[in-house]
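I have placed the structure first, in the form of structure tokens, so that the comments after it can refer back to it.
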Amino acid sequence: MSTFESKLIKENQNLLKKLDQQTQRITQQDQQITEQTLKIQQLTEQVEFLTKTC
């Protein structure tokens, strides 16, 4: 394997590592968005209930 190939392999590994980190971050953010969406749904239901009863 040439030095050039070794360099390319190393660069690819670094890029894959970065991609993996970004994917993990996006997954965490997606989870947070899901949690927030559930909270919003609950609040919306509470407001609807309150506006019907008041």
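Laboratory data are not the source of any read-out in this text; all were calculated from the coordinates shown. Computed from a predicted model, the values in this text were never measured in an experiment. Note that we place each Cβ from the backbone using ideal geometry, even for glycine, and neighbour counts take in every protein chain shown.
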Which numbered condition in (1) surrounded by fewer than 10 Cβ atoms within 10 Å (Cβ to Cβ); (2) in a helix (DSSP H, G or I); (3) of a type outside the set (D, E) is the only one that M1 fails? (2)
Where Q36 falls short, out of the listed (1) surrounded by 10 or more Cβ atoms within 10 Å (Cβ to Cβ); (2) more than 24 Å from the chain's Cα centre (by Cα): (2)
